[in-house]
Amino acid sequence: MFVSGFTFVRNAVKFDYPVIESIRSLLPLVDELVVCLGNSEDSTSALIHAIGDPKIRIIDSVWDDSLREGGRVLAVETDKALRAVSPKADWCIYLQADEVIHEDDYPAIREAMKNYLEEREVEGLLFDYVHFYGSYRYTGNSRRWYRHEIRIVRQDSRIHSYKDAQGFKFEGRRLHVKKAGARIFHYGWVKSPAHQQEKQKSFHRLWHSDEKVKTMVRDAPFDYSGIDSLEYFKGTHPAVMRQRVDDMNWDFKFDTSRKNMVFKDRLLHFIEIKTGKRLFEYRNYKLI
């Protein structure tokens, strides 16, 4: 079984992405790792080249900043990386620059890839998501956070990244997937308020005009306090993230008993907490 990894990155230093940790968490699972390296305004290129692992293959890319409809450029860059993996790959594992795999989940991931290798109707593997917010101590637990997403796909030219690169489609339809029995730790909402605000300015430009972005994003540091609901994280972080966790240099506290929701969302949240079921959940995959 040959396993390829693929990812894309741009301006990782400017926006404080844990891309090195992300890549290092993926390397033990793959035989090669394609990094689609965007035209950055900082030292991201040097950062990636300095990893020095022979499994890593870097391809250079120039982003089309005119693709502002629904964050489409993110899917374009994802597809560039996916199309560059080895043709002999059986499975392709994808991580974004703010996503990390916990080493405790390596056995389950390897087992899932092995078990479904010959079941060709299985086109991808589905991961559970842990979304951190504001701090490494809190995770999002409301309906605004997606609970699952595809992060392993077959090597197949008919599979492509979808919309803003959150998931994948097979020639426009939903992928048929099985559960990987593993987690993705998402750290995109954990960075200093200053870095978070810079990221927001940049990412809103993937969806909106510069004029509209000016009305949407303030110049002040990002305010984490407006979130609807959080809970304390009770597990352990991936080993590659421990230095970042220790180096956190801002303070964020949240009253986890607070629910900043309208009545409908509060009711749906209550049902989910009690039953584990999310009513009316959007899924861009088909669990088989």
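Observations
- Just one residue in the set R244, R151 is closer than 26 Å to Y282 by Cα and of a type in the set (K, R); that residue is R151.
- Here the helices (runs of 4 or more DSSP H) wholly within region 157-248 that include at least 3 residues being out of contact with any strand residue (DSSP E or B) (no Cβ under 7 Å at 6 or more places or on another chain) and crowded, with 18+ Cβ neighbours inside 10 Å are 193-204.
- Residue pairs meeting the criteria (Cβ under 9 Å; at least 6 apart or on separate chains; first over 20 Å from L26 (Cβ atoms) and without any contact (Cβ under 8 Å) to a residue 40 or more places away in the chain, in region 233-258; second in a loop (DSSP other than H, G, I, E, B) and hydroxyl-bearing (S, T, Y)): R258/S229
- Enumeration of residues in region 78-91 that are crowded, with 22+ Cβ neighbours inside 10 Å and assigned to a helix (DSSP H, G or I): T78, A81, L82
No value in this document is a laboratory result; all are computed from the given coordinates. As the structure is a computational prediction, the values presented were derived from the model and not from experiment. Methodologically, a virtual Cβ is constructed for each residue, glycine included, from the backbone with ideal geometry; neighbour enumeration extends over all protein chains shown.
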